[in-house]
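K.L.:
Structure incoming, see below.
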Amino acid sequence: MKKKINIVIPLAGENPLFPKSDFPFSKSLIEIDGKPMIQLTIENLQTISRETHFIFLINSEDSKNYFLDNVLGLLTENKPTIIKIDHRTKGAACTALLAIDEIDNDTPLFISNGDQVIKEDLNSILTNLETYDSGVVSTTSVHPRWSYIRVDGEKVIETAEKRPISNNAIAGLFYYKKGSDFVRSTMNMIKKDANYNGMFYISSTINELILENNNVGYYKIPIVQYESFYSPEKIKEYNSRKQNYNR
């Protein structure tokens with residue numbers, strides 16, 4: 001029997017980089033390579049050779065207006081859990097915490113951005129991160145749009161949101177040996193009010209685990225192995241590279 005891993009993908013946040021006037025559908029449904037953006041992310045994560053249980057957190061309006069819940073159900077191999085949110089949360093960590101009934105357990109957990117593709121072998125990444133209590137995938141950048149890790153050898157010793165404390169940017173994928181570790185660390189973070197500009201980010205949960213003396217690792221991939229659809233410009237860059245490659 002295959003081992004199981006829960007995969008949480010928060011899709012409920014508003015993104016001012018994709019204004020409704022130019023992008024009338026949900027960001028997740030913007031087409032890239034003829035597919036909705038979220039399909040590329042799901043197909044990427046489904047290369048993991050485990051029993052994957054996807055948990056999506058979406059805006060109720062995106063379900064009502066664009067049937068995003070139907071789309072997600074059709075794209076996943078196993079029936080996903082879809083949690084609809086009627087209000088704005090105080091950041092991605094708070095959004096992901098709404099999946100507490102599904103993840104407050106001993107099952108391993110990935111939390112992933114819904115606008116990215118990691119071209120490195122995800123099974124190799126998972127095998128590496130499983131040797132730690134928690135961990136992240138990182139790549140090379142110094143741009144303040146990302147969150148960052150500071151490392152000592154093979155261990156993560158600090159994270160920072162939107163503040164380059166190294167050239168190790170978090171590539172939108174977090175691992176927890178137990179889902180309950182994420183739940184506990186998020187609650188501790190909120191109790192301490194460890195926010196950035198009033199928002200609670202998933203990167204800060206790693207600091208809480210470090211304070212508990214958890215063994216936190218990282219798997220670094222080359223920037224060319226990471227595709228982010230963070231902004232319309234990033235999508236244009238991706239399409240341009242694809243066109244040049246196909247010539």
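K.L.:
Per DSSP H run of at least 4 residues, take -39500 (n - 2.57); add these up for the chain, divide by its residues and hand me the 222 nm value, nearest 500 deg cm²/dmol.
P.N.:
Values: 9 runs with 80 residues, N = 247.
Calculated mean residue ellipticity at 222 nm is -9000 deg cm²/dmol.
K.L.:
Taking a ≥ b ≥ c as the square roots of the eigenvalues of the Cα gyration tensor of the chain, is the shape rounded (a/c under 1.5), prolate (a/b larger than b/c) or oblate? Walk me through the intermediate numbers first.
P.N.:
Values: a/c = 1.34, a/b = 1.20, b/c = 1.11.
Rounded.
K.L.:
Please report the relative contact order for the chain, taking Cα pairs under 8 Å with a sequence separation of at least 6, and give it as a percent rounded to a whole number.
P.N.:
Working: 458 pairs, mean separation 54.6, N = 247.
Relative contact order for the chain comes out at 22 percent.
K.L.:
Moving to a separate point now. When we measure straight from the Cα of LYS35, which aspartates and glutamates land under 13 angstrom away, once same-chain ones fewer than 8 places off are left out?
P.N.:
Correct list for LYS35: GLU43, ASP115.
K.L.:
Can you list the GluC sites (Glu not before Pro) in region 31-88 that are in a DSSP coil and have 11 or fewer other beta carbons within 10 angstrom?
P.N.:
Working: sites: GLU31, GLU43, GLU51, GLU61, GLU77; in loops: GLU77.
Answer in residue order: GLU77.
K.L.:
For region 107-166, rounded, prolate or oblate, judged on the Cα gyration tensor with a ≥ b ≥ c (square roots of eigenvalues), a/c < 1.5 rounded, else prolate if a/b > b/c?
P.N.:
oblate
K.L.:
Would you work out if region 74-126 is rounded, prolate or oblate? Take a ≥ b ≥ c from the square roots of the eigenvalues of the alpha-carbon gyration tensor; rounded if a/c is under 1.5, else prolate when a/b is larger than b/c, oblate otherwise. Don't jump to the answer; show the numbers that get you there.
P.N.:
On the way: a/c = 1.60, a/b = 1.51, b/c = 1.06.
Taking the square roots of the gyration eigenvalues as a ≥ b ≥ c, region 74-126 is prolate.
K.L.:
Please compute the contact order of region 1-130 in relative form: average sequence separation of alpha-carbon pairs under 8 Å and at least six residues apart, divided by the residue count, as a percent. Intermediate values should be presented prior to the final figure.
P.N.:
On the way: 175 pairs, mean separation 50.9, N = 130.
The value is 39 percent.
K.L.:
Can you order the peptides 230-243, 208-221, 140-153 by their average number of other Cβ atoms within 10 Å per residue, highest first?
P.N.:
208-221, 140-153, 230-243
K.L.:
What does the charge add up to near ALA12, with Lys and Arg as +1, Asp and Glu as -1, over the other residues with Cβ less than 9 Å from its Cβ?
P.N.:
Around ALA12, the surrounding residues sum to 0.
The numbers here are math on the coordinates, done by the rules we state, and not lab data. Predicted, not measured: the structure shown is a model, and the values here were computed from it. Every residue, glycine as well, gets a Cβ built from its backbone with ideal geometry; the counts of neighbours run over all protein chains shown.
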